[in-house]
Amino acid sequence: MLLILEKNISLKAVNELIGRLQWMGFQVVKGHHDNNRESLALVNSLHKQLNPAAFKDLPGVIDVLPLDKPYKLAGTDFKSKPSIIPCQGLSIGGPGIVIMAGSCSVESEEQIMETAKLVAACGATILRGGAYKPRTSPYDFQGLGEIGLHYLSQAAKQYHLLSVSEVMDTTEIDLVANYIDILQVGARNMQNYSLLKNLGKINKPILLKRGLSATYKEFLLAAEYILSAGNPNVILCERGIRTFETYTRNTLDIAAIPILKELSHLPVIADPSHGVGLRNMVAPMSRAAIAAGADGLLIETHPDPDKALSDAQQTINPTMLAEIINSLEPIAISLDRSIIRSQ
């Protein structure tokens, strides 16, 4: 249920109404509906016997709308206009398209510094790199841990970039958040509900990757865990799903981009690197994703891809990254959008 509030309602009146609703047993989430009008979503303790019209009699309430979808806060019933996620002066969503680029894993201080320098020169605005790497084999490189976070943070600051890195466990959240601007939830952790709920308690953007076999509904319900815990800054990432096709690492679901943007107000970015797992397919899938309406791309880039310690076969070099970004400009312009480039 969504309570639409009076246009000029005072903060005191809003807080009193929230307190009253919480006393009644409801979980209340503040938001803004159409025309930037304040709203309160009641997302639990709702019974079919309740009469929504009765809530119109509460002080400050002018209308009551249903929240029928299971993903109440991620859906467009809660917020019909697209969300724009703020992050250290950068906006994710809206007319600007962001490029996140960097190596799959932070291998050394020298390597991530060189990577940051090169991807910034190409126009990327966010440096990606894994300090904790969930690998299928326990014998593969697992990342450098905290020292990797330090290297990534310093490299990003050195070249005026923001940073994104994966958090794998609830015990790592505070540590990763201390170094990194955007915390990523990997595909394998999309339904790690304890992790999601705890990420809902911090005040940093969360990049949530779609699980290997997750439906759109399951994906949005995973986002709902973060939103319902109090963090509104969720970015959805389509990174490919596992299908019967074996030629590519995964099948990048381009249709997911416009569908998710129809079902949800949250920004949607695409990861063409994991989506296909083939270096020469990253460029065409990047262009396809932007044409489909993606708000950004997450691209694995390394100074010497063949020597990358992880995911070498899908990693591109900086020259290819620059060519991709340049090729996206006319597509973005045709959609009345633009590529946000590093300064």
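The values are calculated or read from the model by the stated rules, or taken from the named source; none is laboratory data. No experiment lies behind these values; they were computed from the predicted model shown. When we count neighbours, we look across all protein chains shown, and the Cβ atoms used for this are built from the backbone with ideal geometry, even at glycine.
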Original post:
For segment 207-228, which residues satisfy the criterion of being surrounded by fewer than 22 Cβ atoms within 10 Å (Cβ to Cβ) and not in a helix (DSSP H, G or I)?
Top reply: Gly211, Leu212, Ser213, Ala214, Thr215
Original post:
Any residue at all in segment 155-176 that is in a strand (DSSP E or B) and more than 29 Å from Tyr71 (Cα to Cα)?
Top reply: yes
**OP:** Could you list all residues from segment 229-287 that are in contact with a helix residue (DSSP H, G or I) (Cβ under 7 Å, 6 or more places away or on another chain) and assigned to a loop (DSSP other than H, G, I, E, B)?
**Re:** Ala229, Asn231, Arg239, Gly240, Thr248, Arg249, Asn250, Leu252, Ile254, Leu266, Gly277, Leu278
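For (1) part of a loop (DSSP other than H, G, I, E, B); (2) on the phi > 0 side of the Ramachandran plot; (3) not assigned by TED's automatic domain parsing to the domain that holds Asp295, each residue gets a yes or a no:
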| site | (1), (2), (3) |
| --- | --- |
| Leu21 | no, no, yes |
| Gly25 | yes, yes, yes |
| Ser39 | no, no, yes |
| Lys72 | yes, no, yes |
| Ile99 | no, no, no |
| Met113 | no, no, no |
| Val119 | no, no, no |
Original post:
Can you tell which of Ile202, Ile182, Ile173 is buried (at least 18 other Cβ atoms within 10 Å of the Cβ), among the β-branched types (Val, Ile, Thr) and under 14 Å from the mean Cα position of the chain (by Cα)?
Top reply: Ile182
Subject >> Qualifying positions in segment 44-71 - over 11 Å from Leu3 (Cβ atoms), at pLDDT 85 or above, surrounded by 15 or more Cβ atoms within 10 Å (Cβ to Cβ) and of a type outside the set (D, E, K, R) >> reply: Tyr71
Subject >> Glu107, sole failed condition from (1) within 30 Å of Gly130 (Cα to Cα); (2) acidic (Asp, Glu); (3) without any contact (Cβ under 8 Å) to a residue 60 or more places away in the chain >> reply: (3)
Original post:
Do we find a residue being in a helix (DSSP H, G or I) and surrounded by fewer than 16 Cβ atoms within 10 Å (Cβ to Cβ) anywhere in segment 334-341?
Top reply: yes
Original post:
Mind checking which residues of segment 280-298 are surrounded by fewer than 23 Cβ atoms within 10 Å (Cβ to Cβ) and in contact (Cβ under 8 Å) with a residue 40 or more places away in the chain?
Top reply: Ala283, Arg287, Ala291, Gly293
**OP:** Select from segment 218-265 the residues that are more than 15 Å from Ala187 (Cα to Cα) and among the basic types (Lys, Arg) and list them in ascending order.
**Re:** Lys261
